[in-house]
1. Around LEU259, which amide H atoms from residues at least 5 apart in sequence, or from another chain, sit under 5 Å from its own amide H, with H modelled in the peptide plane?
2. Where does each of HIS151, HIS369 land when they are ranked from fewest to most other beta-carbon atoms within 10 angstrom?
3. Work out from phi, with θ = phi - 60° and the Karplus expression 6.51 cos²θ - 1.76 cosθ + 1.60, the ³J(HN,Hα) of each residue of region 291-305, listed in order in whole Hz, and give x for Gly and Pro.
4. Using the Cα gyration tensor of region 175-290, with a ≥ b ≥ c the square roots of its eigenvalues, what is the shape: rounded (a/c below 1.5), prolate (a/b larger than b/c) or oblate (neither)?
5. Would you please give the residues with an amide H less than 5 Å from that of GLY111, counting only those at least 5 places away or on a separate chain, with H modeled from the backbone geometry?
6. Compute the separation of the alpha-carbon centres of region 169-208 and region 319-340 and state it in Å as a whole number.
7. Nearest 5 percent is fine: what portion of the DSSP beta bridges confined to the chain is antiparallel?
8. With θ taken as phi - 60° and the coefficients 6.51, -1.76 and 1.60, list the Karplus ³J(HN,Hα) couplings across region 325-334 in order, rounded to whole Hz; mark glycine and proline as x.
Amino acid sequence: MNKMTVRDLSFAGKRVSLRVDFNVPLDGPNVVDDTRIRAAVPTIEFILEQGPRSLILMSHLGRPKGRRVPELSLAPVAPVLAQYLGRDVAFADDCIGRGADSMIDALPRSGVILLENTRFHAGETKNDRDFARQLARHGEIFVNDAFGTAHRAHASNVGLSEVMTAVAGLLLEKEIDYLSTTIEDPQRPFMAILGGAKVSGKIDVIEALLDKVDKLLVGGGMANTFFAAQGRDMADSLVESEALDIARDLLAKAGNTLLLPIDQRIADAFDNGATHRILDAAADLPSGWQSLDIGPATIDLYARELSGAKTIVWNGPMGVFEMPAFAAGTFGIAEVLANETAKGATTIVGGGDSAAAVEQAGLADQISHISTGGGASLELLEGKTLPALAALADR
Ligand code: AMP
């Protein structure tokens, strides 16, 4: 990476501001999934080991749209983080202003404080200069480790980087290493698996990957739109009629590089309790039925295609994995990735649903890298430059 990172600076005695991604799912006062909190710990410990004067953490949570929304307070995160760090984490109920200033001043040596949701201020998402300057007063050095928001130009990432010395944290560095460096110059065979609901949100990533991969394996709802573009009757399946022309163009461009499922699990309703069966991909769907997962022959075919790959990247579930009846395809692919990792492949799972599926399958520690950012990981796969990364100091 051509950007400065925490490894390039010394933090001893310094007030350090750290932008983390603590945008975690909450159930009332409880953190439902603390993956993103755990992912921030290595950078936090790296800085604390050097004995800074203080460490000031900031993050957004949800979309409060510039207002104070009590349900989107970061307060529940502080005790969870304190447990992982084995030390106190103070909490300030505003990210700027006198209250936060005096709490930061009162911290003991190397004390840690988490500031309230940056998006409680409208200036955050507007990348407002003035708001960024108020945030900048807290620290002497700025470290950005929030990969999940790196595709957004907001005050607490891009704005801060423009008004003070800014470097990447270890998580941001690792995400870039896997999702950009590895994929730009991949070990081959290089395979991609794409799924999820729609083609339309992933046109750019399909086009970018088609230029690079040896094979692109398609599953999920997006496969239905490709089938419909080929003239197959998909009955009640999720099909994007407005994306049919694009799907046809992509198929023509892709030739043999793009593979579609050879069988699917179809159901008579969008319901876990629906009647369901396997249908060959050559056949039209009976009226009133819909395709909700890839079938077992497709899992076998994709496993054979992926066998021996050196680099595999996966984004988007193979079916409606939230319902157990239609989760076999997604969990099957997760297992194939775990097997190929054990055989020496570098396996990369984009954030969001496929990351959640790998966690649910209990295979997270058998994958080379699971991204903490959905949108940001897609933009990297598309070959785009992330604004928060571009704003960091060059090496
Ligand atoms: P995305 O955000 O585009 O990655 O889409 C993820 C969503 O796609 C998940 O909530 C899945 O339930 C859904 N999905 C996957 N396969 C299908 C399908 N065959 N029909 C309808 N929804 C699907």
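1. Under 5 Å from the amide H of LEU259: LEU216, LEU217, VAL218.
2. Working: HIS151 22, HIS369 19.
Going from least to most buried by this count: HIS369, HIS151.
3. Whole-Hz 3J(HN,Hα) from phi for region 291-305: 8, 10, 6, 7, x, x, 5, 5, 4, 4, 4, 5, 4, 5, 4.
4. Working: a/c = 2.26, a/b = 1.88, b/c = 1.20.
Verdict is prolate for region 175-290.
5. LEU55
6. Cα centroid of region 169-208 versus Cα centroid of region 319-340: 19 Å apart.
7. Numbers: 12 of 50 bridges.
About 25 percent, rounded to the nearest 5.
8. 5, 10, 9, 4, x, 5, 5, x, 5, 4
Read-outs: derived from the displayed coordinates by stated rules, not from any lab. Owing to the predicted nature of the structure, the values given are computational and were not obtained by experimental measurement. Methodologically, a virtual Cβ is constructed for each residue, glycine included, from the backbone with ideal geometry; neighbour enumeration extends over all protein chains shown.
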